[in-house]
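Report on one structure; see the data block that follows.
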């Protein structure tokens, strides 16, 4: 755990370093070519002053927002479905054959009553080539945020297949939200990973992740409304967003790859 965190913090420092322009342009171009990144919606690689600026690049072109509950990010849907009950605890699949505890993932950011009828879920993995900013999937009210310290294991499919309950072992931030129009509770859980320098949140700049000393906390908000498609924050490299919804409100689309703005689920 210490090595994963220390190496991630070191990588974050290197990624934030601004080399002289010619060298930085070379580094950026090599990164883009290595991961085969489509830059058609962004500035040219040479225009970013550091790798971190490239990782956290903003869209230069507005995306169309489809109807329904849209994806908060670009990525690959590793698994989606309905959480199941085992020994009086809710579990979901990270990938086929590997599970995680929903209660452990959310930690202090739920009430038992909110989970009693079950949950639907989708796990979205953001690879290094993906757009790393995340957005509101519908008009929502953020009720609370819970930060949970932890390890920074890689969250790609290879590591998910090897490490049980991986999402609950990693550092993470969960947002408990309420759909403004449909009036149901859902959660967006942002899972840290190896070489993810930080998870940042535009609505609360005081939230700090990947720190040398970290203390778990829960923060509640009053009247914090975010419109569908508005930016919530960003990863400083790829990672995972787990979407959890009270059962009977969302029907997740059978997709593998998805982009922010595309429909992730239909409202029921």
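Values computed for the structure shown
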{"quantity": "Considering only the range 96-222, percent of DSSP beta bridges that pair antiparallel, nearest 5", "calculated": "95 percent"}
{"quantity": "Between 0 and 90°, nearest 10: helix 2-16 axis offset from the chain longest Cα axis", "calculated": "50 degrees"}
{"quantity": "Among 104, 89, 236: highest mean-square fluctuation, GNM of the chain, C-alpha pairs under 10 Å", "calculated": "89"}
{"quantity": "Among 58, 198, 129: highest mean-square fluctuation, GNM of the chain, C-alpha pairs under 10 Å", "calculated": "58"}
{"quantity": "Rounded if a/c under 1.5, otherwise prolate or oblate - the range 10-141, Cα gyration tensor axes", "calculated": "prolate"}
{"quantity": "Selected from 127, 80, 206 as most flexible by GNM, with the chain as the system and alpha-carbon contacts under 10 Å", "calculated": "206"}
{"quantity": "Listed peptides 93-100, 186-193, 215-222 by packing density, highest first (mean Cβ within 10 Å)", "calculated": "186-193, 93-100, 215-222"}
{"quantity": "Whole-Å distance, taken between Cα centres, linking the range 187-253 and the range 75-109", "calculated": "17 Å"}
{"quantity": "Tensor-based shape of the range 148-225 (alpha-carbon gyration tensor, a/c under 1.5 rounded, otherwise prolate or oblate)", "calculated": "oblate"}
{"quantity": "P(r), alpha carbons of the range 28-86 - 10 Å bins starting at zero, rounded %", "calculated": "16, 38, 26, 13, 6, 0"}
{"quantity": "Three-way shape call for the range 69-267 based on the alpha-carbon gyration tensor, with the a/c threshold at 1.5", "calculated": "rounded"}
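Just so you know, all these numbers are worked out from the coordinates, no wet-lab data involved. Computed from a prediction, not measured in an experiment: that's the story for all the values here. Ideal geometry is used to build each Cβ from the backbone, glycine not excepted, and the neighbour counts take in all protein chains shown.
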